[in-house]
Every structure is written in structure tokens, then in C-alpha cells.
Amino acid sequence: MFTLTLGILALCSLAAFVAGFIDSIAGGGGLITIPALLLAGVPPHYALGTNKVQACVGTTVSLAMFASGHLVLWRLALLGLPFSLAGSAMGSSLALYLDSAVLGKILLGLLPFAMCMTLLPKRKEDVPALPLEGARFWTATPLISTCIGCYDGFFGPGTGTFFILAFHWVLRQGLVQASATTKVLNLASNFSAMVVFIWNGKVLWPLAACMLAASVAGNWLGSRTAMRIGARAVRFFLTISLALLMATLVWRYVISPAL
């Protein structure tokens, strides 16, 4: 049986603050909150559901900050929005049908892939941005939004980074604009998945409330400093913290059960 303690509340809230700060700049905040929740002993389904609640509210704050700076490419965001919602609903529904032990091992298996994609260096902006029109725009945007939305609903960590990389590599949008626009689609997929988990009673509300407040503070601070903090520094921070979290997860789900 899982017991919620003050120590767990403090640990997960700290993780939510750091994750919100990083996520608002370069994406990948779920790579911190999901392992932190699992390490605290939260059952996998509840870890995913609780994470979606705090992530949804935190992303809303970040989006508001970027929108006020006129950095969101709304034509791109609005086209991908319904596909991100549909993909997230499919992914979260699939996650609910899996056994907790199986899901925990799947999360462990997906985490290295998400980490590698998050830490992958982004190419320099030496190619002009493609116009937000034409066959490439109308086909690539729905496909990207559906696939990444499904991933977000099923797992989540690294979703924002995947969106940024896809918009930057495939549609050749600037990194700042891609990051800002990503917040719209990330919010959509988070909201859709959050509704599914809430409907199925997979949210620990006291823990979600504490993490939510910390996430709002982290996203607010991160958005304000996004233009001054380089992505390279964020990736360096992720490398250190995630290496420790990955080692602990390997112990929890692979080594410890075998002893």
C-alpha cells in the first residue's frame, strides 16, 4: 500500500519545480517528474495521472508567457491541436489497460530513448524557415501531432522536446518559435490525457495539488529566463540528474526484483 508522507510531498514538489523550469525552456520536464513519482513509490498509473494534472497547469502558465511575447505560431498550433488531442486520448487509454508491473517496466524501457532524444544536440538555425502552407505543412503537421500526442498520452517524458525537434527539423521553424508553439500542442495532449486519468480515478489529488503549485512557479520562472538560458546548459543539467534517476530505476525494476 502506498502512503503519502510529507517527505514524498516535498520531494515530488521540488521535482515539479525543477521540471517546470526546464520544460518551459527546452522540454523534457516529465523526465524528472515521472521518475521522481516512481521513486517515491507511487503506482505507475497514478504516477502518470498525477503528473498530467501538474504538467497541464504548468504548461498553461508557460504558454501564457510565450503568447504575451508574440512567439507562438498560431497557424501551426491550431492545425496540430485536434490531432494532438486525439493521439493523446488513444495513448492514455492504451496505458490504462496495461498491468502496473508491466507498465513500470515499459516506462523504464522508454526512458533511455526519451533521454537520448532530449539530450540530442539541435542543429543550428542556418536554413530559412519553411512557410506555414503547402503540401508539406498540411501533411507533416497532423502526422507529427498525432504520433507525438499518442506518445504523450501513453508515456509523456520528452514530449515537448519531441515537438520542438520535429517542428525544427521537419518544418524548419526557429527554435524559440518552435518551443513556444509546442506549448499549445503539449497543453492539448496533457489536457486530453488528464481527463482520461481523472475519469478513471488515477490521480492522487493531495500530491497533485502540491506539485501543481511548484510547477506553476517553475514554468513562470523558466519562461521569463528562456531567452537568456541556453539549451546546452539545460541538457547538461538533465544529463547529471537523469543519470542518477536512471540508475535508481534500474535498481527498483530490474535488479531488486531479481534478488
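Please treat every number below as a calculation from the coordinates, not as lab data. Bear in mind the structure is a predicted one, so any value in this text is a computation, not a measurement. Cβ placement follows ideal geometry from the backbone for every residue including glycine, while neighbour counts extend to all protein chains displayed.
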- Take the Cβ-Cβ distance between L143 and Y97 as r, set R0 to 30 Å, and report the resulting FRET efficiency rounded to the nearest 0.05. 0.75
- Task: Starting from the Cα of V250, step 7 Å along the direction of its Cβ; do the same at I198; then give the gap between the two resulting points in nm.
- Result: 3.9
- Query: Under a plain spin-label model, where a point goes 7 Å from the Cα along Cα-to-Cβ, how far apart in nm are K105 and L6?
  - Reply: 3.9
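As a test of understanding, state the convex hull volume per residue of the stretch 140-179 from its alpha carbons, in Å³. Let's see the in-between values first.
On the way: hull volume 2.0 nm³, N = 40.
About 50 Å³ per residue, rounded to a whole number.
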- Message: Please state the shape class of the stretch 6-96: rounded when a/c is under 1.5, otherwise prolate if a/b exceeds b/c and oblate if not, all from the C-alpha gyration tensor.
- Response: oblate
- What FRET efficiency would be calculated for the residue pair T225, R172, taking the C-beta separation as r and a Förster radius of 22 Å, to the nearest 0.05? 0.30
- Query: Cα-based Rg (one decimal) and Dmax (whole number) for the stretch 163-232, in Å?
  - Reply: 15.1, 42
